Amino acid sequence: MIQLVNGPVFIRDGRPLTEAEAAALTPAEREAAKKGTIAWSILSAHNLSGSDEHLSIRFDAMASHDITYVGIIQTARASGLETFPLPYVLTNCHNSLCAVGGTINEDDHLFGLSAAKKYGGIYVPAHQAVIHSYMREEMSGCGRMILGSDSHTRYGALGTLAVGEGGPELVKQLLSRTYDIDYPAVVAVRLTGRPRPGVGPQDVAIALIGAVYSSGFVKNAVLEFIGDGIASLSADYRCGIDVMTTETACLSSIWETDETIRAYFETHKRPEAYKKLAPAPLACYDRMVEIDLSSVEPMIALPFHPSCAYPIRELCENPGDVLREAEKRAVSQLGLPEGRFTLTDKITPRGVLADQGVIAGCAGGTFENVCAAADLLRASALGNGPFALSVYPASQPVMTELAANGVMAELLRAGATVRTAFCGPCFGAGDVPANNCLSVRHTTRNFPNREGSKPGQGQIASVALMDARSIAATAANGGIITAATDLDPAFTAYAYRYDDSAYRARVYNGWGKAEPDTPLRYGPNIKDWPAFETPENALLLEIVSVIDDPVTTTDELIPSGETSSYRSNPMKLAEFTLSRKDPAYVGRAKAASASHLDDRQRALLASLPGGKGPYSFGSAIFAHNPGDGSAREQAASCQKVLGGYANVADEYATKRYRSNLINWGMLPLLRRSDFTLAVGDFLWLPDLRGALACGDGAFDAWRLSGETAEPIRLSLGRLTPDEREILSAGCLMNYWKNKK
């Protein structure tokens with residue numbers, strides 16, 4: 001089904017060269033082939049650095065939703081923002097239904113509208129569209145680059161190289177600075193064959209994630225989709241695969257474009273956005289993933305990660321072994337005692353029973369997914385048992401057409417509920433199932449608590465990811481997990497007519513029409529960032545949390561769901577930091593103090609280089625591989641607000657989390673010698689500026705534990721000149737103040 005090929009891989013006119021053919025290439029051909037990828041053509045066109053290795057990117061447009069845009073604008077405003085220098089779309093699709101916090105959510109929305117007017121932005125009101133649907137429909141274009149403050153910023157199927165990053169990277173663009181990154185690896189994803197009826201985009205995506213995630217095969221790379229299999233896929237189908245590439249831990253994605261994509265832009269009234277994108281006749285890729293679409297089966301990603309991938313067939317044939325293995329992973333991941341979490345109780349004589357189905361968001365709520373679900377449910381009824389199905393079309397134009405062509409009526413007759421565009425089921429703020437229930441969802445993630453449960457309070461539910469087609473088949477079978485292919489499906493070829501009347505009626509488009517005299521509208525929960533100190537050259541760090549999991553997600557660093565309403569209040573949000581992974585962290589971080597050193601440790605410190613002061617004090621956490629998942633900057637900023645100065649890790653799960661740490665003045669330390677850390681230990685860094693200058697090179701530090709001072713080696717990885725200055729200044733806002 002999927003084959004991984006280490007590189008370099010040379011592809012000529014769509015065919016991978018054999019080793020002998022590749023060896024026969026001249027040095028000039030090899031060098032030219034490196035610049036033969038679609039990724040190269042787009043990145044180089046947006047690069048202002050003059051270097052092919054170290055890129056400084058200026059994007060064509062940006063997007064944020066209502067969990068992130070307030071903090072971004074507040075940061076940019078504190079750093080000298082006068083007007084938006086590029087189209088910036090503010091959508092309201094995350095806090096549109098979450099009722100936590102009284103007036104907080106709508107206060108944020110009105111702040112966003114006032115900012116769009118003041119600075120010249122585009123404002124999409126609540127219930128109109130999920131962020132990525134609007135950007136696909138209205139802002140994508142072949143050869144363009146878009147930056148978003150959401151990790152699923154992916155529009156590669158439409159010829160747009162899009163990147164999801166933390167808020168400070170968007171702030172840099174608002175201040176007319178650049179996105180600085182080393183030229184990434186480019187991995188070919190070569191598609192051949194044609195999917196079987198009933199196999200949907202989520203099935204292909206789950207199979208891909210399962211094949212590459214654990215090995216890091218595509219980590220921080222650009223995935224370039226090529227191959228004759230693309231022609232068999234509709235634009236919606238391609239977008240459904242594309243948006244899920246975030247879960248492979250790649251940086252971005254880009255696809256070949258063809259007449260199908262031309263037709264997409266014509267349908268969406270933007271024919272000028274299309275151009276043909278294809279690799280050069282000879283292109284070189286760092287690695288390759290080969291996917292035979294005809295061999296992909298309906299898939300399920302069991303709790304609690306999209307990479308826990310199984311064919312539904314395998315689950316149904318051997319449910320006991322498969323679910324016991326999933327239970328073991330989940331218990332370990334959640335840190336629960338044996339028996340506290342179960343999946344095997346879902347096994348019935350008829351099969352594995354799910355309690356809920358959800359089709360939603362940028363991955364599930366597309367026109368074709370919803371239509372396919374309706375085809376499978378036609379003439380069926382959900383019944384009055386516990387299984388419920390909810391469907392969230394991804395935008396008002398999609399919903400308008402579903403109402404016009406009768407599909408919405410089919411869903412309603414079957415007993416499904418149809419909701420407005422909302423991202424809540426993707427991050428734990430909508431359709432929360434009951435305790436110990438299993439929800440099958442065509443959404444983007446199934447991390448712990450993404451369904452909204454609270455294990456710390458004894459409430460545990462779980463999500464398995466499936467394609468809309470198999471979710472509908474499951475609904476038609478009374479909640480028994482069923483592959484769509486088992487029903488011998490016949491799908492209607494629905495035409496899509498793009499009616500943007502709702503956008504024309506409600507969206508505020510102020511791009512290029514800033515009104516500087518417009519006052520920003522604040523609610524009582526919208527607070528400025530606190531002041532952050534500029535650190536001394538020496539640092540003393542108290543370890544206040546140690547996480548031993550192989551990977552730590554951003555959801556575990558700062559929970560999603562009910563916390564989202566407090567994202568505009570740095571101090572209040574910080575109270576939730578690590579609340580589901582290490583509930584004592586906040587108290588320890590607040591209490592951290594140099595006074596915790598005993599007399600012997602003070603004497604030890606005074607005997608070390610620079611130990612007689614002056615020095616700055618802060619807290620730090622250790623995690624082996626933190627930062628998988630969301631782009632949310634709060635995973636770093638909340639630690640900073642609580643006095644954090646560093647993370648110590650063996651590696652960082654994503655580039656975006658490491659960038660968030662740097663932009664908030666948090667040292668992204670890497671362990672370079674064999675030592676352990678425990679809560680209550682201290683790290684002594686005697687020469688911060690010297691360490692910053694070392695970059696990737698290791699530098700000397702000390703671990704103070706009990707009455708011993710152990711020399712250790714740390715590094716900061718490669719840093720750009722600006723990143724060194726940001727860390728030296730204490731955070732991005734201090735950096736901008738120093739520039740004035």
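Here are a few things to note about the model shown:
- For the stretch 149-169, filtered to residues that are modelled with pLDDT under 95 and in a helix (DSSP H, G or I), the residue that is nearest to S79 (Cα to Cα) is P168.
- Selection over the stretch 457-486 of residues that are among the hydroxyl-bearing types (S, T, Y) and either assigned to a strand (DSSP E or B) or surrounded by fewer than 24 Cβ atoms within 10 Å (Cβ to Cβ) (or both) gives a count of 2.
- Extreme residue, surrounded by the fewest Cβ atoms within 10 Å (Cβ to Cβ), among residues of the stretch 658-678 that are in a loop (DSSP other than H, G, I, E, B) and of a type in the set (A, V, I, L, M, F, W, C): A678
- For the stretch 542-564, the candidate set comprises residues that are within 14 Å of the chain's Cα centre (by Cα) and in a strand (DSSP E or B); within that set, the residue that is nearest to T676 (Cα to Cα) is T552.
- Consider the stretch 219-246 and keep the residues that are within 15 Å of the chain's Cα centre (by Cα) and assigned to a loop (DSSP other than H, G, I, E, B). The one that is nearest to Y264 (Cα to Cα) is A221.
- Among the residues of the stretch 696-713, none qualifies, meaning not one is without any contact (Cβ under 8 Å) to a residue 40 or more places away in the chain, under 15 Å from A649 (Cα atoms) and of a type in the set (S, T, Y).
- Test: residue in the stretch 511-523 that is under 28 Å from V586 (Cα atoms) and either small (G, A, S) or modelled with pLDDT under 90 (or both): yes
- Meeting the requirement of 3 or more residues that are in contact with a helix residue (DSSP H, G or I) (Cβ under 9 Å, 6 or more places away or on another chain) and farther than 19 Å from C239 by Cα, the strands (runs of 3 or more DSSP E) wholly within the stretch 82-148 are 88-91, 122-124.
- Test result for Y508, in the same structural domain as K454 (by TED's automatic domain parsing) and surrounded by fewer than 20 Cβ atoms within 10 Å (Cβ to Cβ): no
- Only one entry of G357, G365 meets the criterion of being modelled with pLDDT of 95 or more and under 18 Å from G198 (Cβ atoms), and that entry is G357.
- Residues of the stretch 240-279 that are within 24 Å of T443 (Cβ to Cβ) and polar (S, T, N, Q): T245, T246, T248, S252, S253.
- Of the helices (runs of 4 or more DSSP H) lying entirely inside the stretch 286-387, those containing at least 2 residues that are more than 27 Å from the chain's Cα centre (by Cα) span 312-317, 319-334, 367-377.
- Residues in the stretch 631-643 that are crowded, with 24+ Cβ neighbours inside 10 Å and touching a helix residue (DSSP H, G or I) at 6+ places or on another chain (Cβ under 7 Å) were compared, and the one that is modelled with the lowest pLDDT is A631.
The values are calculated or read from the model by the stated rules, or taken from the named source; none is laboratory data. Keep in mind that this is a model prediction, so the values were computed, not measured. Counting neighbours? That spans all protein chains shown, and the Cβs are built from the backbone with ideal geometry, glycine included.
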